[in-house]
1. Here are the criteria: (1) outside any strand (DSSP E or B); (2) in contact with a strand residue (DSSP E or B) (Cβ under 9 Å, 6 or more places away or on another chain); (3) within 14 Å of chain A (Cβ to nearest Cβ). Tell me which single one B:Phe90 does not satisfy.
2. How many residues are among the small types (Gly, Ala, Ser), over 20 Å from B:Gln42 (Cα atoms) and within 14 Å of chain B (Cβ to nearest Cβ) if we restrict to segment A:13-65?
3. If we scan segment B:25-36, do we find a residue that is at positive phi and surrounded by fewer than 19 Cβ atoms within 10 Å (Cβ to Cβ)?
4. Of all the residues that make up segment B:1-14, how many are farther than 27 Å from A:Asn59 by Cβ and surrounded by 13 or more Cβ atoms within 10 Å (Cβ to Cβ)?
5. Restricting the search to segment A:66-115, which residues are assigned to a loop (DSSP other than H, G, I, E, B), farther than 20 Å from B:Cys91 by Cα and either touching a residue at least 12 places away in the same chain (Cβ under 8 Å) or at the interface with another protein chain (Cβ under 9 Å from one of its Cβ atoms) (or both)?
6. Which residue pairs have Cβ atoms under 8 Å apart, sit 6 or more places apart or on different chains, and have a first residue in segment B:21-47 that is farther than 13 Å from B:Phe90 by Cβ and a second that is at pLDDT below 90 and among the β-branched types (Val, Ile, Thr)?
7. Taking interchain pairs and intrachain pairs at least six residues apart, which have beta carbon atoms under 9 angstrom, with the first residue in segment B:54-80 and surrounded by 13 or more Cβ atoms within 10 Å (Cβ to Cβ) and in a loop (DSSP other than H, G, I, E, B) and the second modelled with pLDDT of 95 or more and of a type in the set (Asp, Glu)?
Amino acid sequence: KAGVTQTPRYLIKTRGQQVTLSCSPISGHRSVSWYQQTPGQGLQFLFEYFSETQRNKGNFPGRFSGRQFSNSRSEMNVSTLELGDSALYLCASSLGGIAGTGELFFGEGSRLTVL
Amino acid sequence: AQSVTQLDSQVPVFEEAPVELRCNYSSSVSVYLFWYVQYPNQGLQLLLKYLSGSTLVKGINGFEAEFNKSQTSFHLRKPSVHISDTAEYFCAVSDPGNEKLTFGTGTRLTIIP
C-alpha cells in the first residue's frame with residue numbers, strides 16, 4: 001500500500017509569490033490534514049479536510065488555504081509569501097469519519113524556503 | 001483547549017541504557033494519545049497510540065508507553081536504546097472522533113556510543 005505522497009519535496013520562492021503544495025493520501029483515507037513545522041513554533045495545525053469539506057482549521061491567516069478533491073487528494077496554497085512562511089509543510093491522511101481514530105499517517109513533507 | 005508538554009527538549013543517553021521521555025497533557029475530556037518519531041529530513045512515523053483499554057501500550061522498535069489518567073501523563077520508555085533511535089520524538093493528543101492532533105514541542109534523543 002503506497003504511503004502519503006507530497007510534491008514537491010523542496011522548493012524556493014521569493015517574498016510576495018504564491019505556492020501550491022500537493023498531497024496524495026493513502027488509498028481509502030478520506031481525511032487529509034496539513035501541518036506547518038518550524039524550529040521556533042514546532043508542529044502547528046493548519047487545517048483538515050474530510051470528503052472535500054474543511055472540518056477543522058488552525059490559527060493561520062487567510063493567506064493559507066486548502067482544498068480537497070473528490071479523489072481525496074489535497075492541495076494547500078500560500079499567497080503573498082513572507083519570510084516567516086519558510087517551513088516544512090507536512091500532510092497527513094487518516095480514515096476519518098466514524099472509523100477514524102485520530103491516527104495520522106504522514107508524508108515526508110514539502111520544504112519551502114522563502115527568500 | 002488541549003495542550004501537550006514535553007519537559008525535556010534534549011535527552012542524551014548512552015547506548016544500551018534505558019530511556020524515558022516525558023509527556024504531560026491537559027484536557028478536560030477523554031483523549032487519544034500518540035507518540036511519533038521523526039528522523040532527519042523525514043516525516044513523522046507513529047510509534048504507538050493509546051485509544052482505550054490497557055494503560056500500558058507497546059509500540060514499534062521496542063518502545064512502550066503508559067497512560068496515567070490521574071497524572072495526565074503518557075511517558076515513553078525503552079529499556080535499551082540503540083544508535084538508530086537517534087531522532088526527535090513528539091507526543092500528541094486528540095479528541096475521540098476528531099482528526100486534529102495537538103503536538104508537544106518535541107524531545108531530541110541523542111544516543112552516545
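1. Of the numbered conditions (1) outside any strand (DSSP E or B); (2) in contact with a strand residue (DSSP E or B) (Cβ under 9 Å, 6 or more places away or on another chain); (3) within 14 Å of chain A (Cβ to nearest Cβ), the odd one out for B:Phe90 is (1).
2. Start the filter on segment A:13-65 by keeping residues that are among the small types (Gly, Ala, Ser), which leaves A:16, A:22, A:24, A:27-28, A:31, A:33, A:40, A:42, A:51, A:58, A:62, A:65.
With over 20 Å from B:Gln42 (Cα atoms) added as a condition, the list becomes A:16, A:27-28, A:31, A:51, A:58, A:62, A:65.
Applying the additional criterion that residues be within 14 Å of chain B (Cβ to nearest Cβ) yields A:31, A:51, A:58.
Final tally of qualifying residues: 3.
3. Filtering segment B:25-36 down to residues at positive phi leaves none.
No; the residues of segment B:25-36 include none that is at positive phi and surrounded by fewer than 19 Cβ atoms within 10 Å (Cβ to Cβ).
4. Residues of segment B:1-14 farther than 27 Å from A:Asn59 by Cβ: B:10-14.
Now restrict to residues that are surrounded by 13 or more Cβ atoms within 10 Å (Cβ to Cβ): B:11, B:13.
The number of residues fulfilling the criteria is 2.
5. Here is the first cut: in segment A:66-115, the ones assigned to a loop (DSSP other than H, G, I, E, B) are A:69-73, A:79-82, A:86, A:95-96, A:100-104, A:107-109, A:115.
Filter once more, keeping what is farther than 20 Å from B:Cys91 by Cα: A:69-73, A:79-82, A:86, A:95-96, A:115.
If the condition is that a residue be assigned to a loop (DSSP other than H, G, I, E, B), farther than 20 Å from B:Cys91 by Cα and either touching a residue at least 12 places away in the same chain (Cβ under 8 Å) or at the interface with another protein chain (Cβ under 9 Å from one of its Cβ atoms) (or both), then A:Phe69, A:Ser70, A:Ser72, A:Arg73, A:Ser79, A:Thr80, A:Leu81, A:Glu82, A:Ser86, A:Leu95, A:Gly96, A:Leu115 are the ones that fit.
6. Hits for this filter: B:Tyr32/A:Thr101.
7. These pairs meet every condition: B:Phe63/B:Asp85.
The values are calculated or read from the model by the stated rules, or taken from the named source; none is laboratory data. What you see is a predicted model; the values in this text were computed from it and never measured. Don't worry about glycine lacking a Cβ; one is built from the backbone with ideal geometry, like all the others, and counts go over all protein chains shown.
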